[in-house]
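Accompanying notes for the structure given below.
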Amino acid sequence: LKIIGCNWKMNGSLDLLQKIAHITQKPYDDKNFEVIILPSYPFLSGFYRDFPKYVKLGAQDFYKQKNGAFTGEVSLEILKNLSCEYVLVGHSERRIHFQENNQTINAKLKNCLEEKIKPILCIGESIDHYQSGQTKNFLEQQVTQNLADIEDAQIVIAYEPIWSIGTGVTPSINEIQNIYDFLKDIAPANSKIIYGGSVNSSNFKDFIQIADGVLMGGSSIDIAEITKIYSSLQ
Ligand code: PEP
């Protein structure tokens with residue numbers, strides 16, 4: 001199954017939720033694709049009222065404790081109660097704005113595996129690492145540290161070059177193929193490797209041919225874009 005992940009980030013409204021729910025009423029080819037919507041927390045609880053069951057739900061983050069006096073936080077227990085199957089771990093925006101480091105991310109991945117919720121681990125190099133030819137070294141370090149003591153878990157790894165997120169610039173097809181092969185070699189055997197970074201309705205087909213799916217930010221909340229992408233899955 002190729003993953004089509006839709007990370008809404010800190011965007012969205014009830015209106016957007018209903019419009020996108022409407023687009024997804026028509027079943028897609030679920031033998032080939034799995035559509036996962038990752039809205040912000042407040043939209044999780046009403047999700048299945050509006051969306052058909054074959055669209056999967058994910059969250060963008062969580063706090064490590066199961067429950068208790070942690071005002072403002074949301075646990076995996078709560079996410080599972082809301083039928084979330086997936087959760088993002090280590091998105092570059094969390095690494096940059098919320099100081100999540102490789103050790104924090106390793107601990108979060110272990111939490112996910114214990115709680116049996118599927119993590120989508122995000123990794124990716126900065127423009128400086130890319131330009132100085134350090135991409136593979138950097139990714140290898142992230143994979144090694146993020147997945148320390150985690151062996152044959154089923155993990156989805158989203159390769160998202162930071163310089164490609166929200167910029168409209170993407171690596172070439174050859175570069176993505178090269179990184180995909182590299183990550184397949186160093187990641188746990190059952191991992192899926194998906195690509196994220198400025199995916200849109202025009203380049204989407206190229207990426208899903210190489211990778212095990214895509215993770216989209218901007219296009220996933222753009223009605224025209226998501227309509228085109230969704231209808232191409234049918
Ligand atoms: C993302 O942040 O996961 C992402 C891929 O964003 P965008 O599609 O907007 O580049």
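When we screen 157, 150, 78, 120 for residues that are touching a helix residue (DSSP H, G or I) at 6+ places or on another chain (Cβ under 8 Å) and not in a loop (DSSP other than H, G, I, E, B), the only hit is 157.
Starting from residues that are within 16 Å of the ligand (Cβ to nearest atom) and either touching a Pro at 6+ places or on another chain (Cβ under 8 Å) or not in a helix (DSSP H, G or I) (or both), keep the ones in segment 93-108 and report whichever is most open to solvent (accessible area, probe 1.4 Å). Here the answer is 98.
Give just the number: which of (1) closer than 24 Å to residue 94 by Cα; (2) over 12 Å from the mean Cα position of the chain (by Cα); (3) away from the ligand (no atom under 16 Å from the Cβ) does residue 15 not satisfy? It fails just one condition, (1).
Scanning segment 31-62 for residues that are buried (at least 16 other Cβ atoms within 10 Å of the Cβ), in contact (Cβ under 8 Å) with a residue 60 or more places away in the chain and either charged (D, E, K, R) or assigned to a loop (DSSP other than H, G, I, E, B) (or both) turns up just one, 34.
Can you find a residue in segment 63-84 that is open to solvent by 30 Å² or more (accessible area, probe 1.4 Å) and under 21 Å from residue 193 (Cα atoms)? Walk me through it before giving the result.
Taking segment 63-84 as the starting set, the residues that turn out to be open to solvent by 30 Å² or more (accessible area, probe 1.4 Å) are 63-73, 77-78, 80-83.
Keeping just the survivors that are under 21 Å from residue 193 (Cα atoms) gives none.
No, segment 63-84 contains no residue that is open to solvent by 30 Å² or more (accessible area, probe 1.4 Å) and under 21 Å from residue 193 (Cα atoms).
Taken over segment 49-92, the criterion of being hydroxyl-bearing (Ser, Thr, Tyr) and either under 15 Å from residue 121 (Cα atoms) or within 16 Å of the ligand (Cβ to nearest atom) (or both) is satisfied by 86, 92.
With respect to the stated conditions, residue 197 is closer than 20 Å to residue 134 by Cα and open to solvent by less than 50 Å² (accessible area, probe 1.4 Å). Any residue at all in segment 33-49 that is modelled with pLDDT of 95 or more and over 23 Å from residue 115 (Cβ atoms)? Yes; the residues of segment 33-49 include at least one that is modelled with pLDDT of 95 or more and over 23 Å from residue 115 (Cβ atoms). Elements of the type helices (runs of 4 or more DSSP H) sitting completely within segment 161-234 and holding at least 3 residues that are without any contact (Cβ under 8 Å) to a residue 24 or more places away in the chain and more than 9 Å from the ligand (Cβ to nearest atom): these cover 173-186.
How about segment 1-12: which of its residues are open to solvent by 50 Å² or more (accessible area, probe 1.4 Å) and either touching a Phe, Trp or Tyr at 6+ places or on another chain (Cβ under 6 Å) or more than 16 Å from the ligand (Cβ to nearest atom) (or both)? Can you show your working first?
Taking segment 1-12 first, the residues open to solvent by 50 Å² or more (accessible area, probe 1.4 Å) are 1-2, 10-11.
Hits for segment 1-12 are 1, 2.
Residues that are among the small types (Gly, Ala, Ser) and over 17 Å from the mean Cα position of the chain (by Cα) occur in segment 219-227; there is at least one.
Annotation for segment 165-187: no member residue is open to solvent by 70 Å² or more (accessible area, probe 1.4 Å), within 15 Å of the chain's Cα centre (by Cα), within 23 Å of residue 38 (Cα to Cα) and of a type outside the set (Gly, Ala, Ser). For segment 109-149, residues that are open to solvent by less than 50 Å² (accessible area, probe 1.4 Å), under 17 Å from residue 193 (Cβ atoms) and either at pLDDT below 95 or polar (S, T, N, Q) (or both) total 3.
What do you reckon, is residue 28 more than 16 Å from the ligand (Cβ to nearest atom), under 18 Å from residue 212 (Cβ atoms) and in a loop (DSSP other than H, G, I, E, B)?
Numbers: more than 16 Å from the ligand (Cβ to nearest atom): yes; under 18 Å from residue 212 (Cβ atoms): yes; in a loop (DSSP other than H, G, I, E, B): yes.
So residue 28 fits the description; yes.
The values are calculated or read from the model by the stated rules, or taken from the named source; none is laboratory data. Model, not experiment: these values are computed from the prediction. Note: ideal-geometry Cβ built from the backbone for every residue, glycine included; neighbour counts use all protein chains shown. Calculation scope for accessible area: heavy atoms of the full protein, side chains included, ligands and nucleic acids excluded. Shrake-Rupley method; radii C 1.70, N 1.55, O 1.52, S 1.80 Å.
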